[in-house]
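Notes for the one structure printed next.
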Amino acid sequence: MEAGKPVLLTVDDDPGVSRAVARDLRKRYGRDFRIVRAESGREALEALREIKLRGDLVAVLLADYRMPGLSGLEFLEQAMDLFPNARRALLTAYADTDAAIEAINVIDLDHYLLKPWEPPAEKLYPVVDELIELWRAGGDRPAAATQVVGHRWSARSHEVRDFLARNSVSYRWLTADEPEGRALLEAAGLDETAVPLVVTPAGDTLVDPSVEELAARVGLPTTPATSFYDTVIVGGGPAGLGAAVYAASEGLRTVLVEREATGGQAGQSARIENYLGFPDGVSGAQLTDRARRQAARFGAEILTAAAVTGLEARGSSRVVRFADGGEVAAHTVVLATGVSYHTLDAPGVAELTGRGVFYGSATTEAPACADEDVYVVGGANSAGQAAVFLSRHARRVTLVVRADGLERSMSHYLVRQIRDTANIAVRTGTRVAAAVGGEHLERLRLCDTRTGRVEEVPAAFLFVFIGAAPCTEWLDGVVERDAKGFVVTGPDLLTGGRRPPGWPLERDPYYLEGSVPGVFAAGDARANSVKRVASAVGEGAMAIQLVHRYLEAQ
Ligand SMILES: Cc1cc2nc3c(=O)[nH]c(=O)nc-3n(C[C@H](O)[C@H](O)[C@H](O)COP(=O)(O)OP(=O)(O)OC[C@H]3O[C@@H](n4cnc5c(N)ncnc54)[C@H](O)[C@@H]3O)c2cc1C
């Protein structure tokens with residue numbers, strides 16, 4: 001079906017009349033509009049549902065008044081639920097004009113047209129011209145390619161939106177209790193329990209999809225195109241993206257595997273102020289989206305929603321296994337899996353996660369915080385940035401910190417910004433003792449760590465930024481990790497000048513090389529790394545230099 005143009009739909013149970021109206025409409029409007037014709041009200045509604053799911057618009061509906069089954073009036077009434085902005089006209093015989101006039105009040109009819117409408121230039125086109133003009137004046141806009149219907153407070157709805165946003169898939173968000181959301185559910189033949197509903201650009205409907213299914217259906221690659229590469233990069237944060245840009249631009253066959261969405265922690269940062277070359281700061285999503293496009297332009301393959309669960313040295317190949325059982329081999333591997341947030345251990349928090357309690361997703365949820373009381377837990381830069389960012393949306397933001405001040409854990413510029421922002425309060429010496437709510441977060445219990453006194457406060461949102469651990473459990477027994485799980489590399493692998501056990505080569509490990517030759521680590525996942533965007537990007541670039549050195553010596 002031709003997509004994109006707005007639709008003029010005509011329905012008449014007399015096939016001859018239906019064809020003739022469509023022919024006349026096509027003659028004059030065919031260049032700018034798609035003409036859709038139907039021979040019954042039901043068939044027309046079916047066509048409208050399909051148009052709705054594809055995200056296209058309907059400008060004008062022309063319906064015959066007397067039709068068996070669904071009458072013209074009944075059809076227009078139901079069509080209004082799907083396309084409230086479409087302009088509506090009835091085709092009537094002379095004898096029916098009184099009924100048509102009455103309908104003007106009942107279904108807010110714009111016009112009625114008397115049959116026959118010959119010559120169209122005099123009787124049909126002036127009316128349709130006016131209807132189109134009215135429709136245009138109404139400012140109807142096409143839907144974004146992908147549409148999501150869900151509940152505001154549903155954890156799964158949040159997950160779906162967050163995944164799409166972080167992968168730069170533009171989408172339109174509709175709640176299931178607003179008319180547009182209901183119309184889309186109805187078009188898909190579903191009710192409001194079938195959420196989150198995702199409608200793809202092709203008009204396919206996915207009910208409560210997994211991220212793997214979602215990625216595949218909105219056109220994000222999830223499996224490698226070939227079975228062997230020069231380098232496999234695991235993790236799509238700044239370190240992985242940095243490595244991908246340099247590897248691909250230097251001619252290496254490169255695949256980057258990301259379990260969620262590219263961008264990593266940096267992609268969740270509302271504003272990065274200290275990255276070189278951005279004196280006014282840059283949103284993490286913007287920075288990492290550019291990096292992803294840059295890597296793709298150089299020819300790096302980028303897989304999303306593909307988690308890596310195993311690594312094996314098979315002869316000179318390094319084999320990476322995926323959660324779905326698939327695998328891919330390469331000469332080298334760059335581990336850039338970063339860290340993930342610690343969870344907040346307090347009663348009620350786990351149950352309300354995604355329903356008012358969020359880990360690091362301040363940007364996606366910010367608009368929903370308008371005029372709400374918002375709490376942010378954590379004393380480091382990430383918490384400070386989130387508080388400043390959220391203060392532009394929320395009525396009041398309270399930063400909850402265990403320590404007795406921010407100065408030791410947060411950059412000076414952020415401490416100053418927080419102090420200068422009127423609607424941010426800081427509660428030091430405080431911990432979250434419990435989260436309370438039904439369908440969504442309603443209150444928090446805050447405990448004063450000095451006195452033990454617990455206070456209950458109203459809270460609609462809680463954003464948690466309380467440190468992180470490396471995502472490296474799957475490397476257990478394969479490469480050496482330190483006590484906290486960070487991958488040990490280069491000189492740190494040497495004990496008393498001795499190389500790590502099992503190291504097979506007559507040279508020391510390169511600076512970012514792990515205890516298995518050809519396996520490198522970059523960014524936050526590496527032991528003793530500096531936890532910054534710039535250093536992660538730098539290590540990604542450096543890892544690729546070492547990959548070249550490794551390949552040359554092979
Ligand atoms: C909210 C926030 C604000 C910050 N602000 C700043 C700032 O202003 N300035 C600054 O310099 N730094 C900032 N940081 C720190 C900075 O973002 C990190 O140091 C940087 O992102 C580390 O990059 P990375 O690529 O090593 O790891 P990450 O960014 O953690 O990326 C790792 C990626 O690997 C993926 N991954 C993990 N395991 C697997 C697996 N098994 N399979 C596939 N993929 C996997 C993850 O999903 C993730 O996308 C901030 C951090 C946060 C959380």
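Go through region 332-345 residue by residue and tally those that are away from the ligand (no atom under 14 Å from the Cβ) and buried (at least 19 other Cβ atoms within 10 Å of the Cβ). So the count comes out to 2.
If I ask for residues that are part of a helix (DSSP H, G or I), in contact (Cβ under 8 Å) with a residue 40 or more places away in the chain and away from the ligand (no atom under 16 Å from the Cβ), which ones from region 217-250 would you list?
Taking region 217-250 as the starting set, the residues that turn out to be part of a helix (DSSP H, G or I) are 217, 238-249.
Adding the requirement that they be in contact (Cβ under 8 Å) with a residue 40 or more places away in the chain leaves 238-249.
Matches in region 217-250: Ala248, Ser249.
Taking only region 374-395 into account, find how many residues are crowded, with 24+ Cβ neighbours inside 10 Å, within 10 Å of the ligand (Cβ to nearest atom) and assigned to a loop (DSSP other than H, G, I, E, B). The total comes to 1. Counting just the residues of region 90-104 that are over 18 Å from Val60 (Cα atoms) and not hydrophobic (A, V, I, L, M, F, W, C), which one comes out surrounded by the fewest Cβ atoms within 10 Å (Cβ to Cβ)? Out of the qualifying residues, it is Tyr94. In region 288-303, the residues that are in contact (Cβ under 8 Å) with a residue 12 or more places away in the chain form Cβ pairs under 9 Å with partners that are basic (Lys, Arg) and in a loop (DSSP other than H, G, I, E, B), at six or more places apart or across chains, as follows: Gly299/Arg253; Glu301/Arg253.
Of the residues making up region 316-331, those that are among the small types (Gly, Ala, Ser) and either touching a strand residue (DSSP E or B) at 6+ places or on another chain (Cβ under 8 Å) or over 15 Å from Ser227 (Cβ atoms) (or both) are Ser316, Ser317, Ala323, Ala329, Ala330. Within region 61-83, residues that are at positive phi have Cβ atoms under 9 Å from residues that are assigned to a helix (DSSP H, G or I) and surrounded by fewer than 17 Cβ atoms within 10 Å (Cβ to Cβ) in these pairs: Gly69/Arg42, counting only partners at least 6 apart in sequence or on another chain.
At least 1 residues that are under 39 Å from the mean Cα position of the chain (by Cα) and over 26 Å from Ala188 (Cα atoms) in each: list the helices (runs of 4 or more DSSP H) lying fully within region 79-141 that qualify.
Numbers: elements: 97-106, 120-123, 125-137.
Of the helices (runs of 4 or more DSSP H) lying wholly inside region 79-141, those with at least 1 residues that are under 39 Å from the mean Cα position of the chain (by Cα) and over 26 Å from Ala188 (Cα atoms) span 125-137.
Per this entry, Ala434 is counted among residues that are at pLDDT 95 or above, under 18 Å from Val464 (Cα atoms) and in contact with a Gly (Cβ under 7 Å, 6 or more places away or on another chain). Restricting to region 518-551, count the residues that are away from the ligand (no atom under 16 Å from the Cβ) and either under 21 Å from Pro470 (Cα atoms) or aromatic (Phe, Trp, Tyr) (or both). Count: 2. Could you grab the pairs with beta carbons closer than 8 Å, sequence gap of 6+ or different chains, first residue in region 262-276 and on the phi > 0 side of the Ramachandran plot, second one more than 6 Å from the ligand (Cβ to nearest atom) and modelled with pLDDT under 90? Partner pairs satisfying both residue conditions: Gly263/Arg166; Gly263/Gly284; Gly263/Ala285; Gly263/Asp289.
Checking each residue in region 459-494 for being within 15 Å of the ligand (Cβ to nearest atom), closer than 30 Å to His440 by Cβ and assigned to a loop (DSSP other than H, G, I, E, B) picks out Phe465, Ile466, Gly467, Cys471. Tell me, which residue of region 264-318 that is at pLDDT 90 or above and among the β-branched types (Val, Ile, Thr) is surrounded by the most Cβ atoms within 10 Å (Cβ to Cβ)? By that ranking, first place goes to Thr288. For region 142-166, the tally of residues that are under 17 Å from Glu365 (Cβ atoms) and assigned to a loop (DSSP other than H, G, I, E, B) stands at 4.
Which of the residues spanning region 543-554 are aliphatic (A, V, I, L, M), out of contact with any Phe, Trp or Tyr (no Cβ under 7 Å at 6 or more places or on another chain) and modelled with pLDDT of 95 or more? Don't jump to the end; show me each part of the working.
To start, the set of residues in region 543-554 that are aliphatic (A, V, I, L, M) comprises 543-544, 546-547, 551, 553.
Retained after the next criterion (residues that are out of contact with any Phe, Trp or Tyr (no Cβ under 7 Å at 6 or more places or on another chain)): 551, 553.
Leu551, the sole residue that qualifies.
The values are calculated or read from the model by the stated rules, or taken from the named source; none is laboratory data. Everything numeric in this text was worked out from a predicted model, so none of it was measured. With ideal geometry, Cβ positions are generated from the backbone for all residues, glycine too; neighbour counts draw on all protein chains shown.
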